[in-house]
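This report concerns only the one structure given below.
The values are calculated or read from the model by the stated rules, or taken from the named source; none is laboratory data. Owing to the predicted nature of the structure, the values given are computational and were not obtained by experimental measurement. We place every Cβ from the backbone using ideal geometry, glycine too, and count neighbours over all the protein chains shown. In case anyone asks, the SASA skips ligands and DNA or RNA and just uses the protein heavy atoms, side chains included. Shrake-Rupley method; radii C 1.70, N 1.55, O 1.52, S 1.80 Å.
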Amino acid sequence: MKILVIGKGGREHALAYACHKSSLCDELYMAPGNPGMAKIGTCVDVSDSDVEGLVSFAKENQIDLSIVGPEATLSLGVVDAFQKAGLKIFGPTKAAAQVESSKDFAKKIMAKYAIPTAAYQTFDDLEKATAYVKEKGAPIVIKEDGLKAGKGVTVAQELSEALEALDIAFSQEGNKVVIEECLVGFEFSLICLVHNEQVIPLEIAQDHKPVFDGDKGPNTGGMGSYSPVKKITPEIVENAMETIMKPMAKAMVQEGVPFTGFLYGGLMLTQDGVKVIEFNARFGDPEAEVVLPRLESDFVQAILDVMANKPVQLTWSSKVSHGVVLASTNYPASSTKGAVIKNTEDLDALVFHMGTKTKDGQLVTDGGRVLMVVTLEDTLEEAFAHTYKEVEKIECTDLFYRHDIGKKDMDHE
């Protein structure tokens, strides 16, 4: 088969890596790809926001299967365009991708179908939103309604922080906010392969959103992750499947917006059971980089089977994968471009490129999150030690990383 992975970040590098390992993959293309992906396939000079260009490329090159990485591309309707052209693509339509592109849309479905989530209200007026926040008090969660690349969420511990988040949100014309109760508990990510009502769980992971050690500082797109998660037992996962993931897929069919693709449940184990923090319409990033390396069965076959409503059997490595993100200095407020990165080639680890490019024959930074280093070992403790040993070998003046990825799950015993 000829396979096209759409996107250029770490998640797409991990998707391409999983496709590259498939016995069904003869030719692998990435649009636009990145320097890391160029080692396992052919990078194509088509932007992941150029829907017409992507359709043209897939047609001209007789691509058998396309897999979409970024949420922004999904929200542009790339799946609708491919389907219209008679091309096979794994991802949700523009309407189904609203599960991520509109937090209000997702919350309304959860409320209607009694899918456990935080209590909420949606506002399009600053004064009313401010009054509501003052009435409820802190801690409270402010979420901007649209796509924010994992960054439009403020978990406000103080009232002043919540009010500032509202001011920022409503400074953008036409913006809406979803204001939620602050869930307390242990967070994890459950990503499923979905086609209509068929829902196949992948192995769980835990992402680390806040930028600094000890979960301090603003939220990011994710500073590292690991899989599996000791604290989340198979019984908890089964419960989440039966009360959240399967009901959500069924609800979307009933609402006339059936979902195909990677349905991401950002979940919280609370005192009252598992609840939804958010749904995403695509694979998590940095979860893809730790989940997919543990998959031993054929990734492409699994996607084809789920799309054909056939039974899907996945086999997983018992090893623990652990990954640390190296981000640009000042991320998430800003990012750097052009800082030279050395020593990524000879690491005893998988290195996924998130925001890099090649300039004058050298690898340089080109974004907020730059690289993710992933190792697999028998235990989380061993993988933790191994990843950080490899991370320290990378040389770049403009990168930083968290030092405690996975620590909470090692300490919980």
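Values as computed for the structure displayed
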| item | result |
| --- | --- |
| Test: GLY36 is farther than 19 Å from ASP298 by Cβ, more than 15 Å from the chain's Cα centre (by Cα) and in contact (Cβ under 8 Å) with a residue 60 or more places away in the chain | yes |
| Residue tally, condition among the acidic types (Asp, Glu) and touching a Phe, Trp or Tyr at 6+ places or on another chain (Cβ under 7 Å), over the range 284-317 | 2 |
| Any hit, the range 78-89, residues being within 22 Å of PRO247 (Cβ to Cβ), open to solvent by 60 Å² or more (accessible area, probe 1.4 Å) and at pLDDT 95 or above | no |
| Residue selected from the range 320-368 under the condition hydroxyl-bearing (Ser, Thr, Tyr) and not in a loop (DSSP other than H, G, I, E, B), by the criterion modelled with the lowest pLDDT | THR336 |
| Pair list, Cβ < 9 Å and 6+ apart or interchain, from the range 162-179 residues that are on the phi > 0 side of the Ramachandran plot to residues that are at pLDDT 90 or above and open to solvent by 80 Å² or more (accessible area, probe 1.4 Å) | GLY174/ASP124 |
| Criterion (open to solvent by 10 Å² or more (accessible area, probe 1.4 Å), farther than 26 Å from ILE6 by Cα, among the hydrophobic types (A, V, I, L, M, F, W, C) and at pLDDT 95 or above) met by exactly one of ILE200, ILE236 | ILE236 |
| Out of GLU235, GLU187, sole residue that is over 17 Å from VAL324 (Cβ atoms) and outside any strand (DSSP E or B) | GLU235 |
| Residue that is nearest to the chain's Cα centre (by Cα), among those in the range 364-410 that are within 23 Å of THR336 (Cβ to Cβ) and among the charged types (D, E, K, R) | ARG369 |
| Sole exception among (1) open to solvent by less than 10 Å² (accessible area, probe 1.4 Å); (2) in a helix (DSSP H, G or I) for ARG402, by number | (2) |
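Each row is one residue, and each column tells you yes or no for (1) of a type in the set (A, V, I, L, M); (2) assigned to a loop (DSSP other than H, G, I, E, B).
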position	(1), (2)
CYS19	no, no
ALA38	yes, no
VAL46	yes, yes
LYS59	no, no
ALA96	yes, yes
